[in-house]
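The values are calculated or read from the model by the stated rules, or taken from the named source; none is laboratory data. Here the structure is a predicted model, which means the values were calculated and not measured. For neighbour counting, all protein chains shown are included, and Cβ atoms are generated from backbone atoms with ideal geometry for every residue, glycine included.
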Amino acid sequence: MSERSWDGRVVLVTGSSSGIGAAVARRFGERGASVLVNSSRSVEAGQAVAASLPDAIYVQADVGDEDQCSMLVERALERWGRLDVLVNNAGTGPVIPHQNLKDATLEVWREVFAVNVFGVWALTVAAAQALAQTKGSVVNITSIAGIRQTGSSLPYATSKAATNHMTELVARVLGPDVRVNAVAPVLVDTPRTENWEGSFEQYAQVAPMRRAATADDVADVVLFLAESPYLTGEVLVLDGGFRLVR
Ligand SMILES: NC(=O)c1ccc[n+]([C@@H]2O[C@H](COP(=O)([O-])OP(=O)(O)OC[C@H]3O[C@@H](n4cnc5c(N)ncnc54)[C@H](OP(=O)(O)O)[C@@H]3O)[C@@H](O)[C@H]2O)c1
């Protein structure tokens, strides 16, 4: 689809050198939006995503650092003079079985929360005024792990629960000028999950949709949330019906 309904609007997507973030950047880019592409380490991959879009810049920044979050918003405003959508997609967290309490050290908790929770907060605060000027919105990529007792580690799942709740709380205070929503996907086929074969088999056998999600499935929902003028405070579960059977 190449409908250019986003011409003249600006979207900042954190963690968009790969996986879901790259698919979201492409989805908005193909609709005509100007896109700020970001990652903290994978510079070449991020530059390649930006180069593939009609009007995009790549900015390296670590979302776990408050100053770098502010800088990302400033770079978008310097370049295009406005911001319409902030997609808080960057996320992190090692795989640690939940019963393995000792490996979920406070250091791991701090690292995971720095990006998945504090980064989302810092970017939302930094972007709020600019988003209010355009009647824009925030879309947070959280996870089913923030709702059900699942996920790649306890700190990760708890961070996503915090961000789901933050989505609802911030939606209350930023309306009516800024809408705030989240998409909470199940397993998505991305570089993060490329070695999780067993989990993919489970979805193929059990989920009503008989597969895990793709990054494009998530991008479709992000676009929908960004385009729905009355939708705010929503945490949309994207699970192919998996919750109905598990
Ligand atoms: N894949 C799934 O099954 C799944 C399910 C539910 C929710 N999610 C969520 O979806 C989001 C994207 O996941 P994904 O599967 O697409 O992962 P991915 O393919 O590993 O991509 C993660 C992206 O985030 C960037 N990133 C990581 N830490 C960052 C930081 N501190 N600052 C800026 N960028 C950072 C990565 O680039 P650098 O490493 O170069 O920084 C990369 O661009 C995450 O929030 C994840 O929790 C994923």
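Among the listed residues Ser159, Ser228, which satisfies the condition of being of a type in the set (S, T, N, Q) and in contact with a Phe, Trp or Tyr (Cβ under 8 Å, 6 or more places away or on another chain)? Spell out the reasoning first.
Numbers: Ser228 fails: in contact with a Phe, Trp or Tyr (Cβ under 8 Å, 6 or more places away or on another chain).
One residue alone meets the criteria, Ser159.
Only one of Leu154, Leu187, Leu231, Leu244 is surrounded by 20 or more Cβ atoms within 10 Å (Cβ to Cβ), away from the ligand (no atom under 13 Å from the Cβ) and in contact (Cβ under 8 Å) with a residue 12 or more places away in the chain. Can you tell me which?
On the way: Leu187 fails: away from the ligand (no atom under 13 Å from the Cβ); Leu231 fails: surrounded by 20 or more Cβ atoms within 10 Å (Cβ to Cβ); Leu244 fails: surrounded by 20 or more Cβ atoms within 10 Å (Cβ to Cβ).
That would be Leu154, the only listed residue that is surrounded by 20 or more Cβ atoms within 10 Å (Cβ to Cβ), away from the ligand (no atom under 13 Å from the Cβ) and in contact (Cβ under 8 Å) with a residue 12 or more places away in the chain.
Does Gly93 qualify as being more than 13 Å from the ligand (Cβ to nearest atom) and at pLDDT 95 or above? Show your work before the answer.
Numbers: more than 13 Å from the ligand (Cβ to nearest atom): no; at pLDDT 95 or above: yes.
The answer is no for Gly93.
Considering only the range 4-43, state which residues are within 13 Å of the ligand (Cβ to nearest atom), farther than 13 Å from Val63 by Cβ and touching a residue at least 60 places away in the same chain (Cβ under 8 Å).
Hits for the range 4-43 are Ser18, Gly19, Ile20, Ala22, Ala23, Val24, Arg26.
Any residue at all in the range 64-85 that is closer than 18 Å to Ala22 by Cα and surrounded by fewer than 21 Cβ atoms within 10 Å (Cβ to Cβ)?
no
One line per residue, one yes/no per condition, for (1) of a type in the set (Ser, Thr, Tyr); (2) closer than 30 Å to Trp196 by Cβ; (3) near the ligand (Cβ under 10 Å from one of its atoms):
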residue	(1), (2), (3)
Ala127	no, no, no
Ala130	no, no, no
Asn140	no, yes, yes
Asn164	no, yes, no
Ala171	no, no, no
Arg179	no, no, no
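Quick one: would you say Gln47 is without any contact (Cβ under 8 Å) to a residue 24 or more places away in the chain, within 14 Å of the ligand (Cβ to nearest atom) and over 19 Å from Asp216 (Cα atoms)? Steps first, please.
On the way: without any contact (Cβ under 8 Å) to a residue 24 or more places away in the chain: yes; within 14 Å of the ligand (Cβ to nearest atom): yes; over 19 Å from Asp216 (Cα atoms): yes.
Yes.
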